[in-house]
Amino acid sequence: MPVAPHATLVALTERIRRRSAATRGAYLSRIHRLLARPRGSDRLGCSNVAHAFAALPANDKLRVVAERAPHIGVVTAYNDMLSAHQPYEGYPALIREEARRLGATVQVAGGVPAMCDGVTQGQPGMELSLFSRDAIAMGTAIALSHDVFDAVLLLGICDKIVPGLLIGALHFGHLPCVFVPAGPMGTGLANADKAKVRERHAAGEVGREALLAAESAAYHGAGTCTFYGTANSNQMLLEAMGLHVPGAAFAHPHTALREALTREAVATVLRGAARGPQFRPIGQLVDERVIVNAMVALLATGGSTNHLIHWVAVAHAAGIVIDWSDFAELSAVVPLLARVYPNGEADVNQFQASGGPGYVIGELLAAGLMHADVATVAEGGLAAYGRVPALDATAAPARLSWDAPDAAAADETVVRPAARPFSATGGLKLLTGNLGRAVIKTSAVPPSRHVVEAPARVFTSQEAMLAAFKAGELERDVIVVVRFQGPRANGMPELHKLTPALAVLQGRGFKVALVTDGRMSGASGKVPAAIHVSPEALAGGPLAKLRDGDLVRLDADAGTLAARVDEATWAARENAERPREEAEAHEHGLGRELFAGFRRHVGSAEQGAISWL
């Protein structure tokens, strides 16, 4: 029996639909105009066609031009700097082979940049990280601008790469698209043990050699990092949106199952490209219900806070308007069904062994907390994503099948049914007050630390904060404020390097919290952190009014963030200015000057930090 959707889910989705009626209508009209055109090789001039297919083998030229075979474009984020993307090196050859077997042709339309936030944490390169999302979207548009494709496969996994590819693809909303993941690395040093070594290093108890050994044992091979950060949250959200082959997210690289799922992605995108009842261009598929399903999946798994920025931008690319209040309303009714580090001890491999995305999506559907009546790239709708893939290697050829998650394999320290969740509410919460609007990842913070009230110590750089920590100046109850870290100031870097120091202070018995207009890593937790404060300090946000010693209250239970300064004093106080020498230091070097236009034009974090408007 179909389950009636939850009343809050229905009401919120309807409000989003009404709010977005004009922008969504205009977006769909553009798609319809593009769909009315002849296919690429029939529409383009002869010189255009000759240039487009000059390097194709003769048989493929015949297929795509004369026989009008479906033509697939591949946009790849391959590089071997990112462990998660290294497996993509051989994908184009595999995709071409499978496409030819199915009567189609393939070209790699283009590559997009893909940077590793793990490499750039605390470094100048991190100031390009958030903006790389929009650069990737633009790169996707450049790749697809040749306008000869009938369908697209998108190869990307990590933090800004998937949102960038998705934004770019939605600007070509007339094309059927399937995302192709590559899977996580095997389990190495436990994430909790790695974090302990980081804290001991921050406290001066172990040296660089021990820290490097621990980090290298944690990050040790091909595949995504094994914690549930932004990269793995990306994969969960794509499953919830129906943009993967079902269950493709967390199968390991370089395995027979992974190869079978990649081959199935080719067949899936070709079925979606056939001009018939199952024709599924991505711009029509990603509607307000699909966006809400992604939001629900994020909250139910305690996913990365970065997605409160990225999915606002993704929705905007499809003509849909959402904000943090929508996330907050859903969080009040969506239960937390997964505990994966940093929300628990398990890694994504243990999550997958306990049923993974299929288990969570199945539970949410059964509870009426996801829209079941949505289109997906796979046949069977969203219900297909409540199942897990398996490969029968004894068949010739090997055969994929999908089964219900094994309830007996579900480790209840990792996943829980909706009837017995870890928490009745979602893993993220909106904070509001006289310091602006911010978000906090409550699922990673013990309830005893949800409320912190302490004097503020204000910094304008993470380097200054770490220097104060090393000098012993923060040995007390303290709310550390790091401002001028927003999109306009310096590209809104992640401040993950602050986590070990703050955790050391917390471990010494002090009440500690972080407040910032910057970001934290999707892997951060443990220490209460009110992040993405909007408006940012450089844009005149009230965070610039704070002074050292002001009493600040962060209350994740009540959903408030406020300076306990009397109203008259607060109203009369002027905003502090950013030190000029610091601003100049962040404007130049390691390519930062090339992103000056992004910094000038970017919107606020709550508006998706969009630079293209």
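The values are calculated or read from the model by the stated rules, or taken from the named source; none is laboratory data. Computed from a predicted structure; not experimentally measured. Don't worry about glycine lacking a Cβ; one is built from the backbone with ideal geometry, like all the others, and counts go over all protein chains shown. Ligands, DNA and RNA are excluded from the accessible area calculation, which covers all protein heavy atoms including side chains. Shrake-Rupley method; radii C 1.70, N 1.55, O 1.52, S 1.80 Å.
Some notes on this structure:
- Subset tally (residues that are farther than 22 Å from residue 181 by Cβ and either buried (at least 20 other Cβ atoms within 10 Å of the Cβ) or touching a His at 6+ places or on another chain (Cβ under 9 Å) (or both)) for region 88-111: 1
- Beta carbons closer than 9 Å, at least 6 apart along the sequence or on distinct chains, pair a first residue in region 387-412 that is of a type outside the set (A, V, I, L, M) with a second that is at pLDDT below 95 and open to solvent by 90 Å² or more (accessible area, probe 1.4 Å) for 392/399.
- Listed conditions (1) outside any helix (DSSP H, G or I); (2) farther than 22 Å from residue 173 by Cβ are all met by residue 37, apart from (2).
- The conditions of being surrounded by fewer than 12 Cβ atoms within 10 Å (Cβ to Cβ) and under 19 Å from residue 169 (Cβ atoms) are not met by residue 47.
- Any strands (runs of 3 or more DSSP E) falling wholly within region 398-464 and containing at least 1 residues that are open to solvent by 50 Å² or more (accessible area, probe 1.4 Å), out of contact with any helix residue (DSSP H, G or I) (no Cβ under 6 Å at 6 or more places or on another chain) and of a type in the set (D, E, K, R): 399-403, 436-440, 451-459
- Taking the criterion of being over 17 Å from residue 10 (Cα atoms) and crowded, with 24+ Cβ neighbours inside 10 Å, the residues of region 359-375 that qualify are 359, 360, 361, 363.
- Among the candidates 248, 217, the residue that is farther than 22 Å from residue 355 by Cα and in contact with a Leu (Cβ under 8 Å, 6 or more places away or on another chain) is uniquely 217.
- Residues in region 197-228 that are among the polar types (S, T, N, Q) and crowded, with 17+ Cβ neighbours inside 10 Å: 224, 226.
- Residue 194 open to solvent by less than 10 Å² (accessible area, probe 1.4 Å) and free of Cβ contacts under 8 Å to residues at least 60 places away in the same chain: yes
- Which numbered condition residue 495 misses (of (1) surrounded by fewer than 22 Cβ atoms within 10 Å (Cβ to Cβ); (2) within 28 Å of the chain's Cα centre (by Cα)): (1)
- Residue match in region 383-395 (condition: surrounded by 23 or more Cβ atoms within 10 Å (Cβ to Cβ), in a loop (DSSP other than H, G, I, E, B) and at pLDDT 95 or above): no
- Residue 283 vs. criteria modelled with pLDDT under 95 and within 21 Å of the chain's Cα centre (by Cα): no
- Cβ pairs under 7 Å, 6+ apart, first in region 361-386 and in contact (Cβ under 8 Å) with a residue 60 or more places away in the chain, second basic (Lys, Arg): 371/289; 374/289; 375/280; 377/280
- Which listed residue is buried (at least 22 other Cβ atoms within 10 Å of the Cβ), touching a His at 6+ places or on another chain (Cβ under 6 Å) and modelled with pLDDT of 95 or more, from 114, 84: 114
- The residues of region 122-162 that are among the charged types (D, E, K, R), open to solvent by less than 10 Å² (accessible area, probe 1.4 Å) and either over 23 Å from residue 92 (Cα atoms) or in a helix (DSSP H, G or I) (or both), listed by number, are 133, 134.
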